[in-house]
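The values are calculated or read from the model by the stated rules, or taken from the named source; none is laboratory data. Just so you know, these numbers come straight off a predicted model, no measurement behind them. Because the Cβ atoms are built from the backbone with ideal geometry, glycine has one as well, and the counts that use them run over all protein chains shown.
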């Protein structure tokens, strides 16, 4: 019956999950003698073979530094590196490729905005607004900056379902608000925030907006022009690309005004001991030798996503989330944390009084990989009265059968802790 249910869902969405799974080598292994069920894509996604092969090809034949050489290898590396920038620009529908800055990941992108955009504008008594569902990467940089400047960090509340309370958020927007920094999708709850509406709200108060898109880009279509956000940050490794590469999109007018985040090679046009003239966008923010292989691999990951019919892919992920929710809701004593109406594929839960780490350890013994802990969202955990949760996070390479295996394994956990 599980297989029949799986086939039915494939037909309903038009998405051939088995064909896709064949593209991901890491999924086809045994863990503790059981076939791997990988349900930790919110932490990092698995990589399609094309991305792996692109990394091997770069180091095998094109390995050279970019922007600096006139020899063939450097020219090939530069061409591939800059082609990846254009792919990303088109994927998130930025207006220009010079609005795409390569960084290490979402964390560095947020810190870049904090240091180069907000710090020069922030004075004692000013405010930065975030929400109660933020990842530590979108909390700590603002705390550090507020402490330095004597500013205030304000927090917009959420309800019991894990949805933002928009009237309360708008009430916190005021003449001293210098930035609204907000997750597009919560990593710990799966909540999809109505970011277009929120950006409009913030702009009515002349407040620029940074969106943390780490969990959104792999699972939602993103159009930064339609969103009209001022900055958008995401990581390659959560979007089926390599680790150590990420993207900061910024509106050209802001990036032009911002001073460089770091100094060094490649972010300059001219250096004397008396004065340095900085490079043009986006290079003034890309000091030093970049992660060339990472950028190229992220470009290939985007090619891979573009090769999948987006509506079928997203529809299949919605079906997976609905099926997983049904499976978990059938387990007595299990409490889902995050039940927003509009959700991405995150199933965060606690089970009776069993510690999430114990649950995760038993699941690992069954070949099932989940994340346990506070998910770099400790204030959010406290909001729901828990120290930690188990998080099963989905991608389009998962199947209903895998979620059924999770349900069976959780019943086994309950039996062990009777």
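Matching residues to (1) touching a strand residue (DSSP E or B) at 6+ places or on another chain (Cβ under 7 Å); (2) assigned to a loop (DSSP other than H, G, I, E, B); (3) in contact (Cβ under 8 Å) with a residue 40 or more places away in the chain:
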position	(1), (2), (3)
234	yes, no, yes
244	no, yes, yes
284	yes, no, no
288	no, yes, no
298	no, no, yes
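Okay, residues lined up against (1) surrounded by fewer than 18 Cβ atoms within 10 Å (Cβ to Cβ); (2) at pLDDT 95 or above; (3) over 24 Å from the mean Cα position of the chain (by Cα):
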| residue | (1), (2), (3) |
| --- | --- |
| 37 | no, yes, no |
| 50 | yes, yes, no |
| 56 | yes, yes, yes |
| 66 | no, no, yes |
| 72 | yes, no, yes |
| 81 | no, yes, no |
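Of everything listed in (1) part of a helix (DSSP H, G or I); (2) over 20 Å from residue 201 (Cβ atoms), the single unmet condition for residue 270 is (1).
Can you go through 351, 281 and tell me which one is more than 23 Å from the chain's Cα centre (by Cα) and at pLDDT below 95?
The unique qualifying residue is 281.
Read through the list (1) surrounded by fewer than 17 Cβ atoms within 10 Å (Cβ to Cβ); (2) in contact with a strand residue (DSSP E or B) (Cβ under 7 Å, 6 or more places away or on another chain), then give the number of the only condition that residue 60 fails. Checking residue 60 against (1) surrounded by fewer than 17 Cβ atoms within 10 Å (Cβ to Cβ); (2) in contact with a strand residue (DSSP E or B) (Cβ under 7 Å, 6 or more places away or on another chain), the one that fails is (2).
Per-residue answers, yes or no, for (1) in the same structural domain as residue 381 (by TED's automatic domain parsing); (2) touching a residue at least 60 places away in the same chain (Cβ under 8 Å); (3) touching a helix residue (DSSP H, G or I) at 6+ places or on another chain (Cβ under 8 Å); (4) exposed (fewer than 14 other Cβ atoms within 10 Å of the Cβ):
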{"site": "259", "(1), (2), (3), (4)": "no, yes, yes, yes"}
{"site": "264", "(1), (2), (3), (4)": "no, no, no, yes"}
{"site": "272", "(1), (2), (3), (4)": "no, no, no, yes"}
{"site": "278", "(1), (2), (3), (4)": "no, no, yes, no"}
{"site": "315", "(1), (2), (3), (4)": "yes, yes, yes, no"}
{"site": "326", "(1), (2), (3), (4)": "yes, no, no, yes"}
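Those strands (runs of 3 or more DSSP E) of region 334-377 in which at least 3 residues are crowded, with 17+ Cβ neighbours inside 10 Å and touching a strand residue (DSSP E or B) at 6+ places or on another chain (Cβ under 6 Å), considering only elements entirely within it, cover 346-351.
Looking across region 384-395 at every residue that is touching a strand residue (DSSP E or B) at 6+ places or on another chain (Cβ under 7 Å) and either modelled with pLDDT under 95 or not in a strand (DSSP E or B) (or both), the one that is nearest to residue 157 (Cα to Cα) is identified as 386.
Just name the residue that is surrounded by the fewest Cβ atoms within 10 Å (Cβ to Cβ) out of those in region 286-308 that are at pLDDT 95 or above and under 23 Å from residue 111 (Cβ atoms). Checking each candidate, the answer is 291. Residues in region 214-225: is at least one modelled with pLDDT under 95, part of a loop (DSSP other than H, G, I, E, B), touching a helix residue (DSSP H, G or I) at 6+ places or on another chain (Cβ under 7 Å) and surrounded by fewer than 24 Cβ atoms within 10 Å (Cβ to Cβ)? Looking through region 214-225, none of the residues is modelled with pLDDT under 95, part of a loop (DSSP other than H, G, I, E, B), touching a helix residue (DSSP H, G or I) at 6+ places or on another chain (Cβ under 7 Å) and surrounded by fewer than 24 Cβ atoms within 10 Å (Cβ to Cβ).
Residue under question is residue 179, and the condition is that it be touching a strand residue (DSSP E or B) at 6+ places or on another chain (Cβ under 6 Å), assigned to a strand (DSSP E or B) and more than 30 Å from residue 54 (Cα to Cα); does it hold? Break it down stepwise before answering.
Working: touching a strand residue (DSSP E or B) at 6+ places or on another chain (Cβ under 6 Å): yes; assigned to a strand (DSSP E or B): yes; more than 30 Å from residue 54 (Cα to Cα): yes.
Yes: the conditions hold for residue 179.
Table: residues versus (1) in contact with a helix residue (DSSP H, G or I) (Cβ under 7 Å, 6 or more places away or on another chain); (2) within 22 Å of residue 410 (Cα to Cα); (3) not assigned by TED's automatic domain parsing to the domain that holds residue 61.
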residue: 292; (1), (2), (3): yes, no, no
residue: 302; (1), (2), (3): yes, no, no
residue: 323; (1), (2), (3): yes, yes, yes
residue: 334; (1), (2), (3): yes, yes, yes
residue: 348; (1), (2), (3): no, yes, yes
residue: 353; (1), (2), (3): no, yes, yes
residue: 359; (1), (2), (3): yes, yes, yes
residue: 367; (1), (2), (3): no, yes, yes
residue: 375; (1), (2), (3): no, yes, yes
